[in-house]
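Trainee: Encoded as structure tokens, here's the structure I'll be asking about.
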Amino acid sequence: MKDDVKMEGYTRDQALAAVGKGWAPLVNKIFDQMPPGHRVVQVKEKLSKLRVYARCDFDALLADLEEKSATICEDCGQPGKLRNITGWMRTLCDADAERALAKRKAQGIDWPNAGAPR
């Protein structure tokens, strides 16, 4: 599938599957506003923000959505903050941060000050 994505770009469904459900409205906005004939070549979380690479000329929209993603829980879409989840930086709301920490602790992974907003 990776070779297909490189050649054809991401479909909306592939882009949505690449990030948490909380960022779905941001991804949908990109596809809704993308000019015809352009394509999204990569979608991912990087440094706790949504990162989208596209072959098009709407960089201002992509930059705006990247900044917005830093304030939206990537899991549920509620307001979120950058958090250290046992060494893994994620943008999460309070409830999802607690769930993520509990999951990591259940796996035997603990970290000083984990879950605190940065």
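The values are calculated or read from the model by the stated rules, or taken from the named source; none is laboratory data. Not measured: the values here are computed from a predicted model. Here Cβ is always computed from backbone atoms with ideal geometry, including for glycine, and neighbour counts include all displayed protein chains. Accessible surface areas use protein heavy atoms only, side chains included; no ligands, DNA or RNA. Shrake-Rupley method; radii C 1.70, N 1.55, O 1.52, S 1.80 Å.
Trainee: Take the residues in the stretch 57-80 that are at pLDDT below 95 and over 12 Å from the mean Cα position of the chain (by Cα), then tell me which one is most open to solvent (accessible area, probe 1.4 Å).
Mentor: That would be ASP57.
Trainee: Being part of a strand (DSSP E or B) and in contact with a Cys (Cβ under 9 Å, 6 or more places away or on another chain) is the filter; apply it to the stretch 23-64 and report the residue that is farthest from ASP96 (Cα to Cα).
Mentor: Of everything passing the filter in the stretch 23-64, ARG39 is farthest from ASP96 (Cα to Cα).
Trainee: If I ask for residues that are among the hydrophobic types (A, V, I, L, M, F, W, C) and either open to solvent by 40 Å² or more (accessible area, probe 1.4 Å) or in contact (Cβ under 8 Å) with a residue 24 or more places away in the chain (or both), which ones from the stretch 81-98 would you list?
Mentor: LEU82, ILE85, TRP88, MET89, ALA95, listed by residue number.
Trainee: For the stretch 9-24, enumerate the residues that are more than 9 Å from the chain's Cα centre (by Cα) and surrounded by fewer than 17 Cβ atoms within 10 Å (Cβ to Cβ).
Mentor: Once the filter is applied, which keeps residues that are more than 9 Å from the chain's Cα centre (by Cα) and surrounded by fewer than 17 Cβ atoms within 10 Å (Cβ to Cβ), the stretch 9-24 yields THR11, ARG12, ASP13, GLN14, ALA17.
Trainee: Tell me which of these ALA54 doesn't satisfy, since it passes every other one: (1) crowded, with 18+ Cβ neighbours inside 10 Å; (2) at pLDDT 90 or above.
Mentor: (2)
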